[in-house]
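> I have a structure here, written as structure tokens, and I will follow up with some questions on it.
The values are calculated or read from the model by the stated rules, or taken from the named source; none is laboratory data. Just so it is clear, the structure is predicted and the values come from calculations on it, not from any experiment. In this analysis, Cβ positions are derived from the backbone assuming ideal geometry, glycine residues included, and neighbour counts consider all displayed protein chains. Note: accessible area is taken over every heavy atom of the protein model, side chains too, but ligands, DNA and RNA are not part of it. Shrake-Rupley method; radii C 1.70, N 1.55, O 1.52, S 1.80 Å.
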Amino acid sequence: MSVLHTLISSRAMALGELYQDTPTWPAGSLFTDGDITVGHKSLTGLAAERGTPCVLIAPSGTGQPGEEYRTIVIATILSCTPRGRWWHPMELTVDCDLRVLDGRVLDTVLLQRPNARHRKTVLVHAADQQSMIRAWLPETATPNDLVALASVGTIALGQIALHPTRNATGTDDDTQRQGRCLK
């Protein structure tokens with residue numbers, strides 16, 4: 001083994017130890033076969049009660065500054081584009097704005113199958129937007145499934161909700177959507 005290999009492997013071990021104690025889900029999260037419970041609140045029930053997209057902010061259980069809270073974003077899958085070839089990842093379209101989540105997502109799971117073992121890289125994006133995030137999800141995802149994105153920090157519902165745009169006539173058109181409010 002060369003000196004370069006030794007330096008690379010020691011750096012990888014140091015980074016692994018650095019992120020080893022960072023929980024991806026809030027403290028007290030309970031994973032069952034058909035749902036995830038965070039702080040005695042079912043995420044599937046929360047989505048049914050509030051509609052999607054919705055957020056749940058809970059303490060992370062870490063004492064590190066800036067990482068005191070985890071935000072769980074729950075979104076509905078609108079469409080799935082299967083893999084074109086073996087090297088092309090599957091694409092999912094969800095009903096929330098993902099620009100604020102870029103670089104903050106720690107874990108992504110399907111709520112109906114949170115314990116799925118065979119996960120692959122999937123590109124997740126919002127309708128009519130260029131921003132995408134990479135996620136590890138099972139390829140069995142279908143439209144109308146709920147996806148939960150665990151992210152660092154606090155994110156408000158207004159940051160991820162898609163807002164309708166205004167036409168030149170001043171009327172709302174629900175077919176056109178954009179990530180920012182155009183008041």
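> Within the stretch 117-159, how many residues are open to solvent by 30 Å² or more (accessible area, probe 1.4 Å), in a strand (DSSP E or B) and of a type in the set (Val, Ile, Thr)?
Counting residues in the stretch 117-159 that are open to solvent by 30 Å² or more (accessible area, probe 1.4 Å), in a strand (DSSP E or B) and of a type in the set (Val, Ile, Thr) gives 2.
> Determine which single condition Val147 fails, assuming it passes every other condition in (1) out of contact with any strand residue (DSSP E or B) (no Cβ under 8 Å at 6 or more places or on another chain); (2) hydrophobic (A, V, I, L, M, F, W, C); (3) at pLDDT 85 or above.
So the condition that Val147 fails would be (1).
> Within the group Ala75, Ala135, Ala156, which residue is of a type outside the set (Ser, Thr, Tyr) and more than 11 Å from the chain's Cα centre (by Cα)?
The match here is Ala156.
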